[in-house]
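To start, the structure itself, in structure tokens.
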Amino acid sequence: MDFSLLGPISVATGSGELALGPAKRRSVLALLLLQPNTTVPLEQLIDSLWEDEPPEHARTVVQGHVSRLRATLAGGGAEAYGIELATHGSAYLLRLPEELIDAHRFGELVALARPEAAPGDAVPLLREALGLWRGPALTGTVTSPPFAAAAHALEEQRLTATEALARAHSALGEHEQAAAVLYTAAVNNPLREGMVADLMQALFRTGRQSDAMEWFHRTRRLLDEELGVGPGARLKRAYEEILRAEGAGGDGKSGDGRAAARTAGGAAPVDPRVPAQGDPRASAQDPRVRAQADPRTAAAPADPRVPAQAAGGPAARSSAPRLLPRPPARFLGREQQLAALSAVVRSAVPGESPLAVVTGPAGVGKTACAVQWSHAHAEAFPDGQLFADLRGFNEGAPAEPAEILRDFLLALGTPPDRIPTSAQSASALFRSAVAGRRLLVVLDNAQSSAQVRPLLPGGEHCATVVTSRSRLDGLVATDVARPVPLQALGAAEGTALLGAMLGAERVADDPDAARELVELCDGLPLALRAAAAQLTARPRWRLTRLAAALRDERRRLALLSAEDTGVAAALRMSVARLSADDARLLRALAANADGHLNASVAASLAGSAPEDIQDGLDRLAEMHLVDEESTDVYTISTLTQLFARDEGAGGGGGGR
């Protein structure tokens, strides 16, 4: 007879599981199993079973549950196992060999494991211990605070064992296994900084530097959004050590497990159990990926102005920082914009550092386009590729230039104690450090030109790609930035994206619905990917069914979301950067039936004179919340209209 607490509450016998009855009866058994061979007062049971004031007949209810449990256990042959549920006055005692309880066996196995001293023995012990878990602890009990606290304590033991198993693998040099062990636990516990730090180090040790960096930035954003705090010392230390190792030419694969454990000190991230995009194991299987990665077909031509030695030999390549995120999944199309980015680099005036600004509305795929181009042309920048999320349109505060410059300088090998604290001095040091290098800098999600300028490299052999929802006219005016605008996908491109996400056959079975989905999603890749996620989760749905659901404008934005990703969330961040007056104007424009208007119509909707709202229209157009198709002809997309109507476009008060 086996008793389970590490998952659904259950009792298994040789002939199957016993029928334990309702949640309160299972909860009585769970509380007795949490304190085996110990008398549990009736009052404690009552306090645990009822979160609010217990009913007058609570004693009778508990006594009834105990009586039924006693009969159930007896019917399962409890006596043969030395199990007895006894009454002692106004208390109960469940007498049994404790090794019959999975939580007890789990604790003993974990106690026997010594991941640092004897990692080879610890791995099988900890794997056996974690294998006892069948789901969240105490599943099926009532939701009162005592049971929540007990479940939390057991879950904490599980996480501690998971971290110990990862340490054991790392001590054996098995960093792939360590990353695989930590991945799921970190996804489910994203604010557990120590675990994320260990995962970052394991990923780095397997050569997956960009994935390690992505985990850090994701966790930093979550800490800011959920708790209003920055990363702790352990997480920051792991990040800075990886940056320093990158700058010193380390690929993370050398060194023994003990060194890895010491260094660790502290998506939609990537599952380390499968090859990363860009990993040769993945690329070799897909001719499209090979074509993008092959410098003979994808890389930009070498700059004839750069001396051959500037490209650097093997030593220079091994020490170059590679901070780009992983390539975007299922990237299709955008040939014109990718070619425009290449043209910006090739046509730069001698003595100037080429600068491109990829702009467009929320969800149009700016980051994907910039990262795709950067990976395809990485060979043209052998001295490294730097990447930073400037958080210009996130919930928290935008990134400070000094913060980004510190990360860049660390990646370039600058000792921490030599990095200035002021943005102005750090910017000067950065420009000096990269002056003679062929380096690519990608600045994603910029809020303003002022945020970008301190981060621009000075060397003529460096190139910078910026992405922003704002046009960043200031960079165009003062730094000769070349705009690369992105528009929504057309019917053919949008349908192709759905086919790449869902499979060509599924889309071919419902072509009219596929085209309607593209229209209902306004051709936004983010919305189309969210729609594809809905259909992937429901493999029996035809595309027609989702299209019918999306026709309901009250549900459309909710359906075009996947966890923390979706059109509404993206638009919310754009609107949060508006002044209150501009947000009110957007809300007024959303009342227009067909989304097409001019200044006179806009003024009428806003209750103002045309000359009073012209500047506001210009600012909304600059932020790509409306589109100025031609002189005094504006359009507002359906999804933007729905957001402004449903959520009121309340205005973040960001001002201008």
Rounded to whole Hz, the Karplus (6.51, -1.76, 1.60) HN-Hα couplings of region 45-62, x for glycine and proline: 4, 4, 4, 7, 7, 10, 6, 9, 4, x, x, 4, 9, 4, 4, 5, 4, 5
Protein accessible area in region 565-639, 1.4 Å probe - carbon and sulfur %: 46
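Per residue, how big is the convex hull of region 316-388 when only Cα atoms are used? Give it in Å³. Please list the in-between numbers first.
On the way: hull volume 8.2 nm³, N = 73.
Given the Cα convex hull of region 316-388, per-residue volume reads 112 Å³.
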Protein accessible area in region 1-117, 1.4 Å probe - carbon and sulfur %: 49
Cα Rg, Dmax (largest Cα-Cα span) when computed across region 553-650, Å: 13.0, 42
In sequence order, calculated HN-Hα J values of region 416-422 (Karplus, 6.51, -1.76, 1.60; Hz; x Gly/Pro): x, 6, 9, 8, x, 7, 7
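Any chance you could list the semi-axes, whole Å, largest first, of the equivalent ellipsoid that the Cα gyration tensor gives for region 63-121, using √(5λ)?
Working: eigenvalues 240, 32, 15 Å².
They are 35, 13, 9 Å, listed from largest to smallest.
In Å, the Kirkwood hydrodynamic radius of region 422-501 over pairs of distinct alpha carbons? Can you show the working numbers first?
Numbers: mean 1/r = 0.0682 Å⁻¹.
Result for region 422-501, one decimal place: 14.7 Å.
With r as the distance between the Cβ atoms of residue 548 and residue 579 and R0 = 56 Å, compute the FRET efficiency 1/(1 + (r/R0)^6) and round to 0.05.
0.90
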Theoretical ellipticity at 222 nm over the chain - DSSP helices of four or more residues, -39500 (n - 2.57) apiece, nearest 500: -15000 deg cm²/dmol
By average C-beta atoms within 10 angstrom, highest first, the peptides 534-541, 356-363: 356-363, 534-541
Evaluated at q = 0.11, 0.12, 0.24 Å⁻¹: base-10 log I(q)/I(0), Debye formula over Cα of region 495-607: -0.44, -0.51, -1.28
Solvent-accessible area, 1.4 Å probe, carbon plus sulfur percent, for region 119-188: 58
In order through region 449-455: 3J(HN,Hα) via Karplus (6.51 cos²θ - 1.76 cosθ + 1.60), integer Hz, x for Gly, Pro: 5, 4, 5, 7, 3, x, 9
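Return one whole number: the accessible area per residue of the chain in Å², for a 1.4 Å probe. Numbers along the way, then the final one.
On the way: 28680 Å² over 656 residues.
Heavy-atom accessible area per residue stands at 44 Å².
Under the classification rounded if a/c is under 1.5, otherwise prolate if a/b is larger than b/c and oblate if not, where does region 481-536 fall, given a ≥ b ≥ c as square roots of the Cα gyration tensor eigenvalues? Provide the component values of the computation, followed by the final result.
Working: a/c = 2.23, a/b = 2.03, b/c = 1.10.
Prolate.
Taking the convex hull of the alpha carbon atoms in region 351-432, what volume per residue do you get, in Å³? Don't skip to the answer; put the middle values down first.
On the way: hull volume 10.2 nm³, N = 82.
Normalising the Cα hull of region 351-432 by residue number yields 125 Å³.
Working from the pairwise distances between different alpha carbons, so that the mean of 1/r is found and then inverted, what is region 132-180's Kirkwood radius in Å? Before the final figure, lay out each step's value.
Details: mean 1/r = 0.0811 Å⁻¹.
In region 132-180 this quantity evaluates to 12.3 Å.
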Along each principal axis, Cα extent of the chain, largest first, Å: 90, 64, 51
Burial order of peptide ranges 477-487, 212-222, 193-203 (average beta-carbon count within 10 Å, highest first): 193-203, 212-222, 477-487
Evaluated over region 1-124, the Cα radius of gyration and Dmax, each in Å: 16.6, 57
Cα-only Debye scattering, region 78-171: base-10 log of I(q)/I(0) at q = 0.13, 0.17, 0.23, 0.24 Å⁻¹: -0.58, -0.85, -1.12, -1.16
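The values are calculated or read from the model by the stated rules, or taken from the named source; none is laboratory data. Nothing here was measured: the structure is a model prediction, and the numbers come from that model. Using ideal geometry, Cβ is built from the backbone for each residue, glycine included, and neighbour counts are taken over all protein chains shown. Quick note on the areas: whole protein, heavy atoms, side chains included, nothing else; ligands and nucleic acids left out. Shrake-Rupley method; radii C 1.70, N 1.55, O 1.52, S 1.80 Å.
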